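> First the structure, then my questions, so here it is.
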Amino acid sequence: MTNDTKKKCANLFAAAFARCIGESLASATGEQWPLEIVDSTAGAANQGTQVHFRLSVEGAISGECFAEFYEAQVASLVAKATQEGATTTEEPADALVGFLSTAMEGLSHCISTKFGAVTVKVERVAGLAFGGMFVVPIVATQDQRTLQVLLYFGAELLEALSASEETGQACEPKASPVLPKNLKLVMDVELNVCLRFGQRQMALREVLELANGSVVELDRMVDEPVELLLDGKLIARGEAVVVDGNYGLRVTEIPQPVTSHFLN
């Protein structure tokens, strides 16, 4: 396996990881975190105490890699995500596991579209040394604050990723008509979304017979989640709530990263 092949396939995985982590952090903190791959790990040594997480990949490909965050940055992120006045006994690093777990759902979907069905699980680990492992640095800057993450790839995962390249399957990310950077240009564009409580197919005769007091039975039970649609595409599910006399949605599930609707 050549270094070029390692870099190409590791960067493909890292780019998907960066996008999913950025979306999870944006949802939790209310701020955009445009994480991007960089060429150098310069400055990582000055970030302070490291905090490590193992990402275990199982399925069509398998292996593991490790994400290295930094204690001060993790504490800042968790503090921003914690609601004002809320208290927690969790260490910031343990609280970050929740954000990462949400991101891993999106990462599992993204990797599955290229390599076959996989799941990615995350857990906090300690006492690690990464000598000789292939590393990909990822960085984001937000209001003069820097978030740096290092991804260390195990040999088994690199071999699995590169195998697709050697067998002729594209290890390159598919070209997209919409680039993530270009999306920033339209972030303030307002879009219409709608809640779908259910649906039903009706004959034209039944439609014409509708009158005041008619009841239309839908195909959804009252305890099933309602759906949030953007231009007819499902982007979230959740519970219907009432906010200041208006209907609202408490999101409980995001089937796949919202940006995938734009980037695929």
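> Which of the residues that make up region 1-30 are among the small types (Gly, Ala, Ser) and at negative phi?
Within region 1-30, the first condition is being among the small types (Gly, Ala, Ser), and the residues that meet it are 10, 14-16, 18, 22, 24, 26-28, 30.
Hits for region 1-30 are Ala10, Ala14, Ala15, Ala16, Ala18, Gly22, Ser24, Ala26, Ser27, Ala28.
> Is there any pair linking a residue in region 184-200 that is over 26 Å from Gly22 (Cβ atoms) and small (Gly, Ala, Ser) to one that is modelled with pLDDT under 90 and open to solvent by 90 Å² or more (accessible area, probe 1.4 Å), with Cβ under 6 Å and at least six apart or on different chains, and which?
Gly198/Asp219
> Could you list, in sequence order, all residues of region 128-157 that are closer than 20 Å to Ala72 by Cβ and among the small types (Gly, Ala, Ser)?
Hit for region 128-157 is Ala140, nothing else.
> Checking the structure you have, find out if any residue of region 69-91 is of a type in the set (Ser, Thr, Tyr) and modelled with pLDDT of 85 or more. Quick ask: steps written out before the conclusion?
Quick first cut of region 69-91, residues of a type in the set (Ser, Thr, Tyr) only: 70, 76, 82, 87-89.
Then drop every residue that is not modelled with pLDDT of 85 or more, which leaves 70.
Within region 69-91, one or more residues are of a type in the set (Ser, Thr, Tyr) and modelled with pLDDT of 85 or more.
> Mind listing whichever residues of region 98-115 are in contact with a strand residue (DSSP E or B) (Cβ under 6 Å, 6 or more places away or on another chain) and surrounded by fewer than 20 Cβ atoms within 10 Å (Cβ to Cβ)?
Correct list: Ser101, Ser112.
> Is it true that some residue in region 7-15 is within 16 Å of Glu123 (Cα to Cα) and at pLDDT 75 or above?
Narrowing region 7-15 to residues within 16 Å of Glu123 (Cα to Cα): none.
No, region 7-15 contains no residue that is within 16 Å of Glu123 (Cα to Cα) and at pLDDT 75 or above.
> Follow-up question, since we're still on this one. Any chance you could count how many residues in region 1-42 are closer than 22 Å to Val251 by Cβ, among the polar types (S, T, N, Q) and in a helix (DSSP H, G or I)?
So the answer is 3.
> Looking only at region 198-232, which residues are at pLDDT below 85 and on the phi > 0 side of the Ramachandran plot?
Of everything in region 198-232, those that are at pLDDT below 85 and on the phi > 0 side of the Ramachandran plot turn out to be Asp231, Gly232.
> Which condition number in (1) open to solvent by less than 50 Å² (accessible area, probe 1.4 Å); (2) within 20 Å of the chain's Cα centre (by Cα); (3) at pLDDT below 90 is the one that Gly63 fails?
Single failed check for Gly63: (3).
> Quick check on my filter: what residues within region 186-206 are surrounded by 10 or more Cβ atoms within 10 Å (Cβ to Cβ) and among the β-branched types (Val, Ile, Thr)?
If the condition is that a residue be surrounded by 10 or more Cβ atoms within 10 Å (Cβ to Cβ) and among the β-branched types (Val, Ile, Thr), then Val186, Val193 are the ones that fit.
The values are calculated or read from the model by the stated rules, or taken from the named source; none is laboratory data. Note that this is a predicted model, so its numbers are computed, not measured. Because the Cβ atoms are built from the backbone with ideal geometry, glycine has one as well, and the counts that use them run over all protein chains shown. Surface accessibility is based on the protein's heavy atoms, side chains included, excluding ligands, DNA and RNA. Shrake-Rupley method; radii C 1.70, N 1.55, O 1.52, S 1.80 Å.
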